[in-house]
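One structure is given here, and the rest of the page talks about it.
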Amino acid sequence: SQELEQSPQSLIVQEGKNLTINCTSSKTLYGLYWYKQKYGEGLIFLMMLQKGGEEKSHEKITAKLDEKKQQSSLHITASQPSHAGIYLCGADRGSSNTGKLIFGQGTTLQVKP
Amino acid sequence: GAVVSQHPSWVICKSGTSVKIECRSLDFQATTMFWYRQFPKQSLMLMATSNEGSKATYEQGVEKDKFLINHASLTLSTLTVTSAHPEDSSFYICSASSTVYGYTFGSGTRLTVV
């Protein structure tokens, strides 16, 4: 079965520093989603990547999907306390838009002022 | 954008009682919605797929008689936890699909069974 492995599991950075979170799949990804979650709350959609080599940016967050579509990274530039939370990568099971997502275990980010 | 509303956001119930959680797509129609469960410090696990007008499909290991799903309209799916027990205490979250925003998640429901 497909699995998503996120690294690191937790991260503490000083405000203003850059950081990267990685998401690696055991199988080729059909679609890769990044979400942010505050503990006990809903998921906030960040970005969706589908094509190999695709890169998307929104404000200070950039997400990339490698050419082989098995690894994605989320990069935050000049981190702020508002970036703190749990970052989850999710992917469609199988090879189509099934809607049945599997998730990585999450990366907890703390940003120290 | 696509908004999914989930209600209630938290509920405390006595062991043995049933609890209903609602998931609504506010500005789009969703023929399919999904229910996930998240235990503390763990990631989300898909429980079941809710199909409008037909029976839900459940993931392996999820008891369909315990977690009743009804998807009676294109904008509403409900999850009823029947005869809840403390081990059912968890964070339940639904999602719905839209063509523009992919999969949008509700704000979740924290269920505590005492």
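In the range A:69-81, the condition of being in contact with a Gly (Cβ under 6 Å, 6 or more places away or on another chain), surrounded by 17 or more Cβ atoms within 10 Å (Cβ to Cβ), closer than 24 Å to B:GLN60 by Cβ and not β-branched (Val, Ile, Thr) is met by no residue.
Looking at B:TYR92, B:TYR101, which one is touching a Gly at 6+ places or on another chain (Cβ under 9 Å), closer than 26 Å to A:PHE45 by Cα and either at pLDDT 95 or above or away from chain A (no Cβ under 14 Å) (or both)?
Step by step, each of B:TYR92, B:TYR101 is checked, and only B:TYR92 is touching a Gly at 6+ places or on another chain (Cβ under 9 Å), closer than 26 Å to A:PHE45 by Cα and either at pLDDT 95 or above or away from chain A (no Cβ under 14 Å) (or both).
The strands (runs of 3 or more DSSP E) located wholly in the range A:6-113 that include 2 or more residues which are away from every other protein chain (no Cβ under 14 Å) and not small (Gly, Ala, Ser) occupy A:10-14, A:19-25, A:61-65, A:71-76, A:107-112. With respect to the conditions (1) free of Cβ contacts under 8 Å to residues at least 12 places away in the same chain; (2) farther than 21 Å from B:GLN29 by Cα; (3) touching a Phe, Trp or Tyr at 6+ places or on another chain (Cβ under 8 Å), B:GLY61 lacks only one, and its number is (3). B:SER25 meets each of the listed conditions (1) surrounded by fewer than 17 Cβ atoms within 10 Å (Cβ to Cβ); (2) within 14 Å of another protein chain (Cβ to nearest Cβ) apart from (1).
Are any residues in the range A:26-67 closer than 30 Å to B:PRO40 by Cβ and polar (S, T, N, Q), and if so, which ones? Scanning the range A:26-67 gives A:SER26, A:GLN37.
The values are calculated or read from the model by the stated rules, or taken from the named source; none is laboratory data. The structure presented is a predicted model; accordingly, all values stated were derived computationally and were not measured. Note: ideal-geometry Cβ built from the backbone for every residue, glycine included; neighbour counts use all protein chains shown.
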